[in-house]
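**Student:** Following this message is one structure expressed as structure tokens.
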Amino acid sequence: MTTNKLAIIGGSGLYDVEDFKDRELLQLNTPWGKPSDQILKTKYNGKEVYFLPRHGRGHFISPSNINFRANIDALKQLGVTDVVSVSAVGSLKEDLPPGKFVIVDQFIDRTFARVKTFFDDEIVAHVSMAHPTSSGLMNACEDAIKKSNIDYQRNGTYVVMEGPQFSTLAESNLYRLWKADVIGMTNMPEAKLAREAEIRYASVSMVTDFDCWHPDHENVDVQKVIKVLLGNAEKAKVMIKNLIDNYENHIDPDDPANNCLDVAIITAPEKRTKKTIDKLKTVAGRVLNK
């Protein structure tokens, strides 16, 4: 029977959860390099949990330079089965003001400077991304947010832009025409890689500003964003503690991430070299070593 383990990937403004007193910092290596920073291993209310700051502690990694493959591989090495991303985003809708949380269920990937798969050398796999987030994990996030008395929206489309610059006005208006809800720089290829690693994934987006389409936010100002970030981060820490307590009650045995590699790898067995199988042992060893 699989032991469920939760990891939180913290975005801008969320670099630690101080209430985690039982602390061990882990330095991991992967075939893809080092993850963004040391991974915090902790126990909270008797449950083993991991925390990884996506941009590093002190925020020194630009969105395009995040080693997403190393981050996901490292978490998989630790036995993580469920990842909740907590990210700062801009709003593309009037009814999503700064301070509101969105439990994302869809993405539009506009990134172009990132490696987006573990399967880019010799072994080819095609996983389904029709439903990129876990409905069970989304339910757990919603339950935790409600208990935290945070204003939120269930479901929403997140446009992932390359960055690190913010949008042009024309881009912002285009994304609004697409009926997208929020915009950020980091959930892709993270969600795609989590799926390839058969890790259930959910995204909670914390709105910091209205992006430049809004007349009051024509120039997105980092200093103003940071002010909202800090408030959002404090709310997120309460949510995370509630999430740890409840997420196992919502695990979906039919989640699309569960065993998705069984029907994804297309490369003939005789073409799979030992070198590449070894490289993929953490992510895909369950299937490749059969």
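The values are calculated or read from the model by the stated rules, or taken from the named source; none is laboratory data. As the structure is a computational prediction, the values presented were derived from the model and not from experiment. Every residue, glycine among them, receives a Cβ derived from its backbone with ideal geometry; neighbour counts consider all protein chains shown.
**Student:** Would you check which residues across the stretch 90-125 are small (Gly, Ala, Ser) and either within 17 Å of the chain's Cα centre (by Cα) or surrounded by fewer than 17 Cβ atoms within 10 Å (Cβ to Cβ) (or both) and list them?
**Tutor:** Within the stretch 90-125, Gly90, Gly99, Ala113 qualify.
Per-residue answers, yes or no, for (1) modelled with pLDDT of 95 or more; (2) under 20 Å from the mean Cα position of the chain (by Cα); (3) farther than 27 Å from Val115 by Cα:
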residue: Met185; (1), (2), (3): yes, yes, no
residue: Ala191; (1), (2), (3): yes, yes, no
residue: Arg200; (1), (2), (3): yes, yes, no
residue: Cys212; (1), (2), (3): no, no, yes
residue: Pro215; (1), (2), (3): no, no, yes
residue: Ala233; (1), (2), (3): no, yes, yes
residue: Asn289; (1), (2), (3): no, no, no
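**Student:** Continuing with the same structure: Exactly one of these conditions fails for Met188: (1) surrounded by fewer than 20 Cβ atoms within 10 Å (Cβ to Cβ); (2) under 25 Å from Pro256 (Cα atoms). Give me its number.
**Tutor:** Of everything listed in (1) surrounded by fewer than 20 Cβ atoms within 10 Å (Cβ to Cβ); (2) under 25 Å from Pro256 (Cα atoms), Met188 misses just condition (1).
**Student:** Taking only the stretch 36-68 into account, find how many residues are out of contact with any strand residue (DSSP E or B) (no Cβ under 7 Å at 6 or more places or on another chain), in contact (Cβ under 8 Å) with a residue 12 or more places away in the chain and outside any strand (DSSP E or B).
**Tutor:** Selection size over the stretch 36-68: 12.
**Student:** Going through the stretch 36-46 one residue at a time, which ones are among the charged types (D, E, K, R) and surrounded by fewer than 15 Cβ atoms within 10 Å (Cβ to Cβ)?
**Tutor:** Scanning the stretch 36-46 gives a single hit, Lys43.
**Student:** Considering each of Ser87, Ser134, Ser128 in turn, give the residue that is surrounded by fewer than 18 Cβ atoms within 10 Å (Cβ to Cβ) and among the polar types (S, T, N, Q).
**Tutor:** Among Ser87, Ser134, Ser128, only Ser128 is surrounded by fewer than 18 Cβ atoms within 10 Å (Cβ to Cβ) and among the polar types (S, T, N, Q).
**Student:** Filter the stretch 16-47 down to the residues that are acidic (Asp, Glu) and either at pLDDT 95 or above or within 17 Å of the chain's Cα centre (by Cα) (or both) and list them by number.
**Tutor:** Asp16, Glu24, Asp37
**Student:** Which one of these does Thr133 not meet: (1) closer than 23 Å to Ala170 by Cβ; (2) in contact with a helix residue (DSSP H, G or I) (Cβ under 8 Å, 6 or more places away or on another chain); (3) among the β-branched types (Val, Ile, Thr)?
**Tutor:** Failed condition: (1).
**Student:** Another question, if that's okay. Of Tyr158, Tyr175, which residue is out of contact with any Phe, Trp or Tyr (no Cβ under 6 Å at 6 or more places or on another chain) and either in a helix (DSSP H, G or I) or buried (at least 23 other Cβ atoms within 10 Å of the Cβ) (or both)?
**Tutor:** After ruling out the rest, the residue left standing is Tyr175.
**Student:** Something else: Can you tell me which residues in the stretch 1-35 are part of a loop (DSSP other than H, G, I, E, B), surrounded by fewer than 17 Cβ atoms within 10 Å (Cβ to Cβ) and of a type in the set (A, V, I, L, M)?
**Tutor:** Within the stretch 1-35, Met1, Leu28 meet the criteria.
**Student:** With surrounded by fewer than 18 Cβ atoms within 10 Å (Cβ to Cβ) and either more than 21 Å from the chain's Cα centre (by Cα) or over 16 Å from Ala7 (Cα atoms) (or both) as the only criterion, which of Ala264, Ala268 stands out?
**Tutor:** Ala268
**Student:** Looking only at the stretch 86-128, which residues are within 18 Å of Asn65 (Cβ to Cβ) and assigned to a strand (DSSP E or B)?
**Tutor:** Ser87, Ala88, Asp109
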